[in-house]
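Each remark here refers to the structure printed beneath this line.
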Amino acid sequence: MKFILGKKEYTTQIFDDRGMVHAGTVIAVPGITVTQVKNEAKDGYRAVQVGFMPKDAKKMNKPFRGHTKDLGGFAVLKEFRVSDAEDFHVGDKKDASVFTPGDIVRVSAISKGKGFQGVVKRHKFKGGPRTHGQKHSEREPGSIGGAGRAGGRVAKGMRMAGRMGGDRVTVKNLTVLAVDAVEHKMIISGAVPGRRGTLVEVRGA
């Protein structure tokens, strides 16, 4: 299974060999280091733990410092479930070259936080009419039910205003448009969740 960690940078356009333009997102991929390999016999499942972004070991707490003492410090530790864990070894390094243009991938990241939002933006409500006696209810939620349906309380799962964004989002069926192992960058088609600098997980489909 192919996987890599990176940081979202910016969106751009790229032309293919036929002159067709594609929108894409540039991901900075400085590389990852395998810090632990888990197997079914010892851990109950197969997975590979990797470290991302070097960090001064003195700034890490003792458990993490001891866990990666032979490899240095890392700002991020992530785990990927794999079926071929025996092909990985502690200390192995992976970079953007694990992917090639044309690969289909799925990307996971934390979406942008949008703060407290109303139902029109958060849940795509239509809102109320703008005429016929309405004055200040264009973007109000309307009735949320009553005693007959919910027993005089707000039913669980009711779509209402609240905090929006900041969720883990996975986008599937994206295409790798370009890979530059020298500059440690890759371009993935379409939009990728998160702001600039967001940690991005890229997995083979």
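Computed values, structure above
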item	result
Candidate set: segment 1-33, residues that are farther than 28 Å from Lys93 by Cα and of a type in the set (A, V, I, L, M); chosen: the one surrounded by the most Cβ atoms within 10 Å (Cβ to Cβ)	Ile14
Only listed residue being in contact with an Asp or Glu (Cβ under 7 Å, 6 or more places away or on another chain), modelled with pLDDT of 90 or more and not hydroxyl-bearing (Ser, Thr, Tyr), chosen from Val171, Val176	Val176
Any hit, segment 76-85, residues being more than 21 Å from Ile14 (Cα to Cα), in contact with a Ser or Thr (Cβ under 8 Å, 6 or more places away or on another chain) and among the β-branched types (Val, Ile, Thr)	no
Cross-chain or 6+ apart pairs with Cβ under 8 Å, segment 112-141 first and at positive phi, then in a helix (DSSP H, G or I)	Gly127/Val120
Any chance Phe125 is hydrophobic (A, V, I, L, M, F, W, C) and assigned to a strand (DSSP E or B)	no
Single match in Lys8, Lys58, Lys38 (criterion: modelled with pLDDT under 90 and charged (D, E, K, R))	Lys58
Qualifying residue in segment 170-182 (condition: part of a loop (DSSP other than H, G, I, E, B), touching a residue at least 60 places away in the same chain (Cβ under 8 Å), under 30 Å from His22 (Cβ atoms) and of a type in the set (Gly, Ala, Ser))	yes
Extreme residue, surrounded by the fewest Cβ atoms within 10 Å (Cβ to Cβ), among residues of segment 36-89 that are in a strand (DSSP E or B) and small (Gly, Ala, Ser)	Ala75
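The values are calculated or read from the model by the stated rules, or taken from the named source; none is laboratory data. Quick caveat, the model's predicted, so the values are computed rather than measured. Here Cβ is always computed from backbone atoms with ideal geometry, including for glycine, and neighbour counts include all displayed protein chains.
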